[in-house]
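A.B. asks: Pasting in a structure now, in structure tokens, and then I'll have a few things to ask.
The values are calculated or read from the model by the stated rules, or taken from the named source; none is laboratory data. Quick caveat: nothing in here was measured; it's all calculated off a predicted structure. Neighbour counts are summed over all protein chains in view; Cβ atoms, including those assigned to glycine, are modelled from backbone coordinates with ideal geometry. The area values use the complete protein model at the heavy-atom level, side chains included, leaving out ligands, DNA and RNA. Shrake-Rupley method; radii C 1.70, N 1.55, O 1.52, S 1.80 Å.
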Amino acid sequence: NITAMKYILQLILTITFFISSASSEDLYTKVEKVIDGDTIITTDGDSVRLLDINTPEISHNKNPSEPFAIEAKKELERILPHETEIHLVFGKRKYDRYKRLLAHIYTNNKTWANAHMVRKGFAHVYSFPDNALKVEQLTPIEEQARKAEKGIWQSDRWQVLDATKPISD
């Protein structure tokens, strides 16, 4: 009986390993269109959300665009034009709750789209403990963009507050 349980446990571990390995495989595809500063559609029809970053939101549901949202979209369109060949690298979780692929995007000319958006000041580092992949590499890039007051870092909306100082009304 113990031998059977060990076998079943080994089988479960093996299946779990293969499932987690399969979900982290890289993907090569092409850009169909850019939706906003951190989301694209591939020619395969997949929606891809750039992992570990966040850009200002474009207007939707009667909410106006946040500062630098349009500029962020235009910058992503500039570096990822239609039909650009891309390499997607996934974290631990391949999909978000909206069924978008979560990935770092690289082009054939070695542009790392996620880092580019942070470097230009159109994105900030944004991740979750269960799916952080390249936060350590992106954080110093964000710090440089912040110090240089690039893009979003020019706006009061995106200023980093000192946690030791109370906010006055």
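A.B. asks: State in Å² the accessible area per residue of segment 70-169; use a 1.4 Å probe, count heavy atoms of protein chains only, and round to the nearest integer. Please list the in-between numbers first.
C.D. replies: Values: 6410 Å² over 100 residues.
Dividing the accessible area of segment 70-169 by its residue count gives 64 Å².
A.B. asks: Show me 77-83, 48-54 ranked by packing, highest mean number of other Cβ atoms within 10 Å first. Please list the in-between numbers first.
C.D. replies: Numbers: 77-83: 14.0, 48-54: 24.1.
Descending packing order for the listed peptides: 48-54, 77-83.
A.B. asks: Moving to a separate point now. Between Lys110 and Ser155, what length in nm is gained on full extension when 0.36 nm per residue of separation is reduced by their alpha carbon distance? Please report the intermediate quantities before stating the final value.
C.D. replies: Values: separation 45, 0.36 × 45 = 16.20 nm, distance 3.00 nm.
Between Lys110 and Ser155, full extension yields an extra 13.2 nm.
A.B. asks: So between Tyr98 and Arg78, what do we pick up on full extension, going 0.36 nm a residue minus the alpha carbon distance? Spell out each step's value before the answer.
C.D. replies: Numbers: separation 20, 0.36 × 20 = 7.20 nm, distance 2.54 nm.
Gain on stretching Tyr98 to Arg78: 4.7 nm.
A.B. asks: Could you sort out which of Lys120/Lys165; Lys30/Lys99; Lys73/Lys150; Lys62/Lys94 sit more than 23 Å apart by Cα distance in this structure? Could the numbers behind the result be given before it?
C.D. replies: Details: Lys120/Lys165 29 Å; Lys30/Lys99 18 Å; Lys73/Lys150 16 Å; Lys62/Lys94 30 Å.
From the list (Lys120/Lys165; Lys30/Lys99; Lys73/Lys150; Lys62/Lys94), the Cα-Cα distance tops 23 Å for Lys120/Lys165; Lys62/Lys94.
A.B. asks: Sorting check: for 58-71, 109-122, 33-46, 86-99, which peptide has the highest mean count of neighbouring beta carbons within 10 Å, and how do the rest follow? Kindly include the intermediate steps, with their values, before the conclusion.
C.D. replies: On the way: 58-71: 13.6, 109-122: 20.6, 33-46: 18.1, 86-99: 15.3.
Peptide ranking by packing, descending: 109-122, 33-46, 86-99, 58-71.
A.B. asks: What is the calculated FRET efficiency for Glu85 to Lys165, with r their C-beta to C-beta distance and R₀ = 45 Å, to the nearest 0.05? The partial results should precede the final answer.
C.D. replies: Details: r = 48 Å, r/R0 = 1.06.
So, using R0 = 45 Å, E works out to roughly 0.40.
A.B. asks: For segment 134-169 and segment 41-89, write down the distance between their C-alpha centroids in whole Å.
C.D. replies: Centre-to-centre distance over Cα atoms comes out at 21 Å.
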